[in-house]
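Step one of this worksheet: look at the structure below.
We did not get these values from a lab; they are worked out from the coordinates using the rules stated. What you are looking at is a predicted structure, and each value in this text was computed from that prediction instead of being measured. Please note: Cβ atoms are built from the backbone with ideal geometry, for glycine as well, and neighbour counts cover all protein chains shown.
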Amino acid sequence: MCILEIITYYYPHWTGLTAYAQRLAEGFVRRGHRVTVLTSRYQPELLPEEVHNGVRILRLPVLTRLSRGVIMPSFPWAAWRLIRQHDVVQMHTPLLEAPLITALSCLAGRPAVFTHHGDLVMPDSPYEQFVERVVTALMVQALKSCAHITVHSLDYAEHSDFLWPFHEKLSCIYPPVEIPHPGLEAAQAWRRDLGLEGKKLVGFAGRFVEEKGFDYLLQAIPLVRRELPEAMFLYAGERFVVYEQFYQKWEHLLEANEETILIMGLIRDRQRLADFLAMCDLFVLPSRTDCFPSVQIEAMLCGTPVVCTDIPGAREAVKATGMGCLVPPHNPEALAEGIVELLGDSSPHLRTREQIRKVFNTEHSLSEYEALLKRLTGNRDHD
């Protein structure tokens, strides 16, 4: 097949969404398909066109940003040309251009797959709420005319007012998650270098934005320390994001807990990230909303159990593997209780990497997507 992937941010950008899309694209190439990614040239120094790991990447100039999205004036013409050159289109949403993509795909007689990575949830400001309503309305139009919809879990789909009205053309496929085996000696050496021997280490990671719920964790930290004074919290991620000032809002709590929180920064190296996760005794996901955060699967693959809020989508990994516990959302006290409980004894929740891989398997996910795309294209011969 000739597959066109459309996404706002692609390599070398790195979030869970872009990582999922990149693994799919490169996985399709390994299986003999031709893949083109149409994306934004979100940084001027990026090449307008290149091939990375067998995937052809076309980046369009950006005129301006619209909250988390971008405006690309040349997108309609580039999309129309590429859609006609490919057998099937897979768009990764939320995506401002989604209705245009489905309209052009219908016009060209190509099936369009709407791969959804999470309902759009914006900060509670008039401008951001306006953007959320407009983009969501546009994507609803895309849902009506796309050939098929995929999402990461049935749990998320059933609780999404955005997706569930279209459940008759929806498939649930776990996303591909990959991380190297951690270097346990390197992790122990890192712990020693940080002066954290004898401490209980709690990791958390991700962009410091409202949906990740880090403010609840910051409020829970003193409650945890009251029970376990040896507990330390390690944050790996980006504190400052251009479209949201959430870190600045809660910086005072970080400062109040500065002797308890160690800020590691964004860890881009995958081996280094694996070592970080293995160094932690526990990983915490205190999200308000989250479709399917890959970092908790990565933590499990590195041998680290998870405390996660009991919300649709995010809870899927703990429920499917048993490697952790779920706590009520929006509740610092419950979050602290879960952390203290697992730091006290996590043995009932531990699973091997092989057990996790039986549930979350990249090749199995690729096979499901490949079968879907072949069915939509009629599995016909291609030039």
Around residue 42, under 12 Å between beta carbons, what's the net of Lys plus Arg minus Asp minus Glu among the other residues? +3
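So between residue 368 and residue 186, what do we pick up on full extension, going 0.36 nm a residue minus the alpha carbon distance? Before the final figure, lay out each step's value.
Details: separation 182, 0.36 × 182 = 65.52 nm, distance 3.59 nm.
The span from residue 368 to residue 186 would gain 61.9 nm if fully extended.
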Under a point spin-label approximation (7 Å from Cα along Cα-to-Cβ), what is the residue 171-residue 141 distance to one decimal in nm? 2.7 nm
FRET efficiency for residue 258 and residue 341, Cβ-Cβ distance as r, R0 = 25 Å, nearest 0.05? 0.45
Of the candidates 284, 131, 151, which one comes out as most mobile in a Gaussian network treatment of the chain with C-alpha springs shorter than 10 Å? 131
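Rounded to the nearest 0.05, what FRET efficiency is calculated for residue 197 and residue 47 with R0 set to 45 Å and r the Cβ-Cβ distance?
Values: r = 45 Å, r/R0 = 1.00.
The value I calculate is 0.50.
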Can you sort 1, 279 so the residue with the fewest Cβ neighbours within 10 Å comes first? 1, 279
With θ set to phi - 60° and the Karplus curve 6.51 cos²θ - 1.76 cosθ + 1.60, what are the ³J(HN,Hα) couplings of segment 157-167 in order, to the nearest whole Hz, using x for Gly and Pro? 4, 5, 9, 9, 5, 6, 8, 4, x, 10, 5
Residues in segment 19-63 reached by a label modelled at residue 238 [backbone nitrogen below 19 Å; 7 Å Cα→Cβ]: 19-23, 39-47, 59-63
Based only on other Cβ atoms within 10 Å, what is the fewest-to-most ordering of 240, 233? 240, 233
Which residues qualify? For residue 200, with a placed amide H closer than 5 Å and at least 5 residues away or on another chain, they are 231, 232
Considering segment 184-359, what Rg and Dmax in Å follow from its alpha-carbon atoms? 14.9, 42
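Given the DSSP H assignment, sum -39500 (n - 2.57) over each helix run of at least 4 residues in the chain and divide by its residue total; what's the result at 222 nm in deg cm²/dmol, nearest 500?
Details: 14 runs with 157 residues, N = 383.
My calculation for the chain gives -12500 deg cm²/dmol from helical runs alone.
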Give me the dipole magnitude in Debye, nearest 20, for segment 184-359 about the Cα centre, with unit charges on the beta carbon: positive for Lys and Arg, negative for Asp and Glu. 520 debye
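Treating only the Cβ atoms of Lys and Arg (+1) and Asp and Glu (-1) as charged, compute the dipole magnitude of the chain about its Cα centre; round to the nearest 20 debye.
On the way: 38 positive and 47 negative charges, 265 e Å.
In debye, rounded to 20, the chain gives about 1280.
Once you list every other residue whose beta carbon is under 12 Å from the beta carbon of residue 279, what net charge do they have if Lys and Arg are +1 and Asp and Glu are -1?
Numbers: positive: 191, 192, 199, 200, 272; negative: 185, 193, 197, 275, 281.
So the surrounding residues net to 0.
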What list of whole percents do you get for P(r) of segment 278-380, with Cα-Cα distances grouped in 5 Å bins up to the one holding the largest distance? 2, 13, 22, 20, 16, 9, 6, 5, 3, 2, 1, 0
Please list, ordered by chain and number, the residues whose modelled amide H lies under 5 Å from the amide H of residue 206; skip anything fewer than 5 residues away on the same chain. 236, 237, 238
On a full-extension model of 0.36 nm per residue, what is the gain between residue 107 and residue 164, subtracting their alpha-carbon distance, rounded to one decimal in nm? 17.9 nm
Of the candidates 217, 234, 47, which one comes out as most mobile in a Gaussian network treatment of the chain with C-alpha springs shorter than 10 Å? 47
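Please compute the net charge surrounding residue 192, taking Lys and Arg as +1 and Asp and Glu as -1 over other residues with Cβ under 13 Å from its Cβ.
On the way: positive: 191, 199; negative: 185, 193, 197, 275.
Around residue 192, the charge tally is -2.
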Residues whose built amide H sits under 5 Å from the amide H of residue 324, excluding neighbours closer than 5 in sequence, are 306
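If R₀ is 35 angstrom, what is the calculated FRET efficiency for the pair residue 249 and residue 375, using the beta carbon separation as r and rounding to 0.05? Walk me through the numbers before you get to the answer.
On the way: r = 47 Å, r/R0 = 1.34.
In this case the efficiency is close to 0.15.
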Putting +1 on Lys and Arg Cβ atoms and -1 on Asp and Glu Cβ atoms, find which of 349, 339, 326 reaches farthest to the positive end of the dipole of segment 184-359. 349
